[in-house]
Every structure is written in structure tokens, then in C-alpha cells.
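Please treat every number below as a calculation from the coordinates, not as lab data. Just so you know, these numbers come straight off a predicted model, no measurement behind them. Heads up, the Cβs are rebuilt from the backbone with ideal geometry, glycines too, and the neighbour counts pull from every protein chain shown.
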Amino acid sequence: MPRRLILAALCSVLPALLPAAGAGAAEIAIRDAYARASGPQAVSGAGFMVIENAGTAADRLIGATSPAAERVELHGHDQGPDGVMRMRRIEDGIEIPAGGGHALARGGDHLMFLGLRRPFAPGDTVPVTLRFETAGEIGIEMPVDPDRLPADTSHGARHGGGAAAN
């Protein structure tokens, strides 16, 4: 008898848990994604976008892959003691706050495509799979756009309150 009671209790709780398991991807939105065109001898390229999180819990961009490159890394910039900005690999991912967003923008955090299989040319589209800690994998297509203005990286845009420029 206690076994049936436990089983009944589990069956009543399980449906409440299932929506949470797949809800993450629907709460993450990607907008204004683009890659910069690269020169004919380029072995690396960069990608930018605004990631928005409509959920009630923070998520984290933890990686990316693309058939266009041997590997894709998350990169950012830090100012060295000499005042010079240096690019660095972000090892622990990029937090996307609940109810907010984060801009991957020129001069800031971005995707770095290393070992390009061929240079990014204007008019190309770069397929990318973004990996989030909670939302899982989200596939996007990034147009290669050499003329795109940097996204609005003001405080409001970095936290979901502003619009990115096209």
C-alpha cells in the first residue's frame, strides 16, 4: 500500500516538473546576429549579437560551434596595466540575466571563430549553434555584414532595456 501511495504522489508531481525541463530555450532570444567579413587570408573571424532572456532565472552562454570554423570561443576584452585593451578567452561563460540581456559587440564580448574553413565574405551566412547552461543548444544563422554598425552597448541594451542598431 505505501508503494502505491508513493507512486501516486510521484505521478502527480511529474507533470509539474516536465515543462521546466524544456522551457529554457523558449526564454532565450537572439537578435541582430551578424559576423564581420574577413580578408582572403584570414584564419579567424568574429560574431556579434544581442542575447535576451525573458525567463525568471539567469542562464549562461557556455560555448558555441560552427561548421565554418575548427572551433568557436567566447572572447572579451580587458584593459592591461599599460592601458592597452587585450582580447581574452572567457572560460566560465557569459551570464544572461533573468529578464535582461547581454550584447556580444565589437570591442566587448563576442564569438571568435578560429581556424576558418574559408574566409567570411559579404553575403555569406554562418551557421552557429550556441550552447546555454540551462536552455541547451540554439541554432542561428549569422549573415556576414561588413558594414554593420556596432550594437548599442549602453547599459540599458546590455541588460535588455535598449535596442541594438542595425
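Using the Cβ atoms and a cut-off under 14 Å, what net charge is assigned to the surroundings of ILE28, where Lys and Arg are +1 and Asp and Glu are -1?
-3
Can you pull the percent of Cα pairs in the stretch 26-158 with separation above 18 Å?
So the pairs more than 18 Å apart make up 53 percent of the total in the stretch 26-158.
Check ARG88: other-chain or 5+ apart residues with amide H under 5 Å from its amide H, H built from backbone geometry?
GLY76, HIS77, ASP78
Defining a contact as two alpha carbons under 8 Å apart and six or more residues distant in sequence, what relative contact order in percent does the stretch 26-158 show?
Relative contact order of the stretch 26-158: 34 percent.
Compute the distance in nm between two label points, each set 7 Å from the Cα along the Cα-to-Cβ direction, one at GLU141 and one at ASP92.
For the pair GLU141/ASP92, the computed spacing is 3.7 nm.
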